[in-house]
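Asker: Below: one structure in structure tokens.
The values are calculated or read from the model by the stated rules, or taken from the named source; none is laboratory data. A quick note: this is a predicted structure, and the numbers were derived from the prediction, not measured. Backbone-built Cβ (ideal geometry, glycine too); neighbour counts: all protein chains shown.
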């Protein structure tokens, strides 16, 4: 197994049990069977390693779902199954990395959904990306609030609210955009 993969997996394992600020390069290196210098050959610090964790992190089954509603289920399942890892990231200097991770996940899910809805290609690629960016920022913010504990709803309730909010809104935006382009 490559050193970077070992380090990512070990950091994730540590974060499942303790806060980021208690994890040292020395402990990480020792747990991976490498010396500290080898760690620094790959990363400047633990924060850069955590960034690499989120760059390479994948939500299981997300690529095999066919609706964005099912994607929401998979995203929340991922959060629940990795709760301590996510909480320890959210309560650390890695909060922004977690937010960017979820923003990117939602961006890709929503861009796919927008392209399905807009099968007649009324939107150009730039507009579809803009729309996905807009919605993904909102979805990621809601999820981060839920993770941070400022939203105390059950996951299914949050999913239902997101579905109710999103349902039909893309179609209306595309229709409005198309009308504006043809005026």
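Asker: Has segment 112-128 got at least one residue that is more than 18 Å from the chain's Cα centre (by Cα), free of Cβ contacts under 8 Å to residues at least 12 places away in the same chain, in a helix (DSSP H, G or I) and exposed (fewer than 12 other Cβ atoms within 10 Å of the Cβ)?
Answerer: Yes - at least one qualifying residue is present in segment 112-128.
Asker: While we're on this one: For residues in segment 27-43 being closer than 14 Å to residue 9 by Cα and within 29 Å of the chain's Cα centre (by Cα), which is surrounded by the fewest Cβ atoms within 10 Å (Cβ to Cβ)?
Answerer: 27
Asker: Does segment 154-168 hold any residues that are surrounded by 13 or more Cβ atoms within 10 Å (Cβ to Cβ) and without any contact (Cβ under 8 Å) to a residue 24 or more places away in the chain, and which are they?
Answerer: Those that are surrounded by 13 or more Cβ atoms within 10 Å (Cβ to Cβ) and without any contact (Cβ under 8 Å) to a residue 24 or more places away in the chain: 160, 161, 165.
Asker: Also, I was wondering about something else. Going by the structure shown, is residue 72 in a helix (DSSP H, G or I) and at pLDDT 95 or above? So that I can check it myself, show each step before the final result.
Answerer: On the way: in a helix (DSSP H, G or I): yes; at pLDDT 95 or above: no.
No: the conditions fail for residue 72.
Asker: Residue by residue through segment 44-58, note down the ones that are surrounded by 12 or more Cβ atoms within 10 Å (Cβ to Cβ) and either over 14 Å from residue 97 (Cβ atoms) or in contact with a helix residue (DSSP H, G or I) (Cβ under 7 Å, 6 or more places away or on another chain) (or both).
Answerer: 46, 49, 50, 51, 52, 53, 54, 57, listed by residue number.
Asker: Still on this structure, please answer the following. Pull up segment 2-26, narrow it to residues that are free of Cβ contacts under 8 Å to residues at least 60 places away in the same chain and not in a helix (DSSP H, G or I), then point me to the one that is surrounded by the fewest Cβ atoms within 10 Å (Cβ to Cβ).
Answerer: 2
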